[in-house]
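Below is one structure, written out as structure tokens, with a few remarks after it.
The values are calculated or read from the model by the stated rules, or taken from the named source; none is laboratory data. Please read all numbers here as calculations on a predicted model, not as lab measurements. Because the Cβ atoms are built from the backbone with ideal geometry, glycine has one as well, and the counts that use them run over all protein chains shown.
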Amino acid sequence: MLANPFVESCPPMAPVPDGLRILYVDDSALVREGICSGLVRKGWYCRSFASGAEALQWLATGLETFDVIITDHQMPEMNGLEFVKNVCASGFTGRILVHSTMLTASEHATYEELNVDAIVPKDGNLQRLTRAIAELQQAQ
């Protein structure tokens, strides 16, 4: 049996058997580690990827399911909009949250057209992000 390259490169943080399962996508390793650590402290499971393409490949394996997908917008090769379009086309039924430093009015409108569940500014305020996730969880 071949080893899955994703398992070695993007190990999950603190599996929570019955907790919220979150996939986090951001090209900054420092941001990914900080955000996932904060999510884990809240008691949630977090698996992270450095790019939308890697995350889509992992989702296509069907090895894990997620309740929430969080993505940055400004990433090389595949930005957040392209990633969200692909996630929506894949039939993902969970919640999608955009966590970005800066969006133009046009980008914001496009995310709204794609029916993302929340757009949270990436401003270093982890509490704002975790509050948005908790609100999405309660709205289900």
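Which ones in the range 54-89 are within 17 Å of Glu33 (Cα to Cα) and either assigned to a helix (DSSP H, G or I) or among the charged types (D, E, K, R) (or both)?
Matches in the range 54-89: Glu54, Ala55, Asp72.
Considering only residues that are exposed (fewer than 14 other Cβ atoms within 10 Å of the Cβ) and either in a loop (DSSP other than H, G, I, E, B) or in contact with a Pro (Cβ under 7 Å, 6 or more places away or on another chain) (or both), which ones fall in the range 90-113?
Hits for the range 90-113 are Ser90, Gly91, Thr93, Thr101, Met102, Thr104.
Using the structure shown, decide if Glu33 is part of a loop (DSSP other than H, G, I, E, B) and over 17 Å from Asn79 (Cβ atoms).
On the way: part of a loop (DSSP other than H, G, I, E, B): no; over 17 Å from Asn79 (Cβ atoms): yes.
Here the answer is no, as Glu33 does not meet what is asked.
Determine the pairs where a residue that is over 21 Å from Arg128 (Cβ atoms), located within the range 100-113, has a partner that is surrounded by 10 or more Cβ atoms within 10 Å (Cβ to Cβ) with Cβ atoms under 8 Å apart, the partner being 6 or more residues away or on another chain.
Thr110/Leu81
Quick one: is Val40 modelled with pLDDT of 95 or more, in a helix (DSSP H, G or I), under 22 Å from Ala139 (Cα atoms) and not aromatic (Phe, Trp, Tyr)? Walk me through how you get there before you give the answer.
Details: modelled with pLDDT of 95 or more: no; in a helix (DSSP H, G or I): yes; under 22 Å from Ala139 (Cα atoms): yes; not aromatic (Phe, Trp, Tyr): yes.
Judged against the criteria, Val40 is not a match.
Under 6 Å between Cβ atoms, at least 6 apart or on separate chains: pull out the pairs that start in the range 61-82 with a residue that is free of Cβ contacts under 8 Å to residues at least 12 places away in the same chain and surrounded by 19 or more Cβ atoms within 10 Å (Cβ to Cβ) and end on any residue that is in a loop (DSSP other than H, G, I, E, B) and not acidic (Asp, Glu).
none
Could you check how many residues of the range 118-135 are surrounded by 18 or more Cβ atoms within 10 Å (Cβ to Cβ) and in contact (Cβ under 8 Å) with a residue 24 or more places away in the chain?
So the answer is 4.
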